[in-house]
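One structure is given here, and the rest of the page talks about it.
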Amino acid sequence: MKSTPLTKNTIPNHVAVIMDGNGRWAKKKGKYRVFGHKNGVQSVRETIEAAAEIGVKVLTLFAFSTENWSRPKKEVDTLMSLLATSLKKELKSLQDNDIQLRAIGDLKNLPTKAQKELNEVILKTSTNTRMILNLALSYGSRVEIVNAVKSISKKVVNNELKIENIDEKTINNHLYTFSLPDVDFLIRTSGEKRISNFLLWQIAYAELYFTSTLWPDFKKEDFFNAIKVYQQRERRYGKTSEQIQTNE
Ligand code: FPP
């Protein structure tokens, strides 16, 4: 069957992905959970390539949540060393493809080695412009919002900001994602239909896409198929369909 082509003018600017199902994928194969994470790296690679290929400007990947710290130590250690080795390995490919790496989350909680690799790749790719690859690491959206409220409150107390001047932009400017556009499209793999404390503020108007494919099975073609679904959605932002069609 010939698949429908992607339409160039409706590529989402910012795609966010909850990469879920590594553990179940491994279990189905009779292996340990970490086998799933190791195989998930190839899906990360393919998703980055696919996103860059079609002109996505920002790709945010949920790689490790604040809640993930409570997993068994061996699993956490494996994920952290996978992160460090993948960053080291992928630097050349990020450079060759003009991709800039960024990270959001409580990064100071990451092991020193992971922090070192991360900072090095962030620095070395900082002038790349084709796409931003934004890794959410030790990330939790509620903590992010709490921190934003704290910084805003400090400014109010110090008379740097008036309460009546606080608006959506103020909140936005105090989030980890302050310099990034809102999320247009959120993908979650593995069949779970929840947001799990990911970019709660930033997905206010995002289109949501849930697929039962487990993350290690999610390949380039799956990403393109998801984008095709996005392209069939009508984003109304609270307006009527008629208003959108007549550009009112
Ligand atoms: C969720 O599957 C996946 C994660 C918590 C980690 C994702 C990490 C990777 C794909 C590898 C390394 C990442 C980078 C950026 C190089 P799960 O363990 O929750 O699966 P389950 O729901 O089936 O248990």
Cβ crowding within 10 Å averaged over residues, with 201-208, 134-141, 26-33, 216-223 ranked highest first
134-141, 216-223, 201-208, 26-33
Calculated FRET value between LYS150 and ARG233, using beta carbons and R₀ = 35 Å, to 0.05
0.45
Normalised by the number of residues in region 1-149, what is the relative contact order in percent for Cα pairs under 8 Å and 6+ residues apart?
27 percent
Need one word for the chain: rounded, prolate or oblate. Basis is the Cα gyration tensor (sqrt eigenvalues a ≥ b ≥ c); a/c below 1.5 gives rounded, then a/b vs b/c decides.
oblate
Using the Cα centre of the chain as the reference point, and only Cβ charges (+1 on K/R, -1 on D/E), how large is the resulting charge dipole? Debye, rounded to the nearest 20.
920 debye
Surrounding net charge for THR10, when Lys and Arg each add one and Asp and Glu each subtract one, Cβ distance under 13 Å:
+1
Using 0.36 nm per residue of separation minus the Cα-Cα distance, give me the extension gain between GLU120 and LYS88 in nm, one decimal.
10.6 nm
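Every read-out reported here was derived from the displayed coordinates using simple, explicitly stated rules and does not represent laboratory data. Quick caveat, the model's predicted, so the values are computed rather than measured. So basically every Cβ, Gly included, is an ideal-geometry build from the backbone, and we count neighbours across all protein chains shown.
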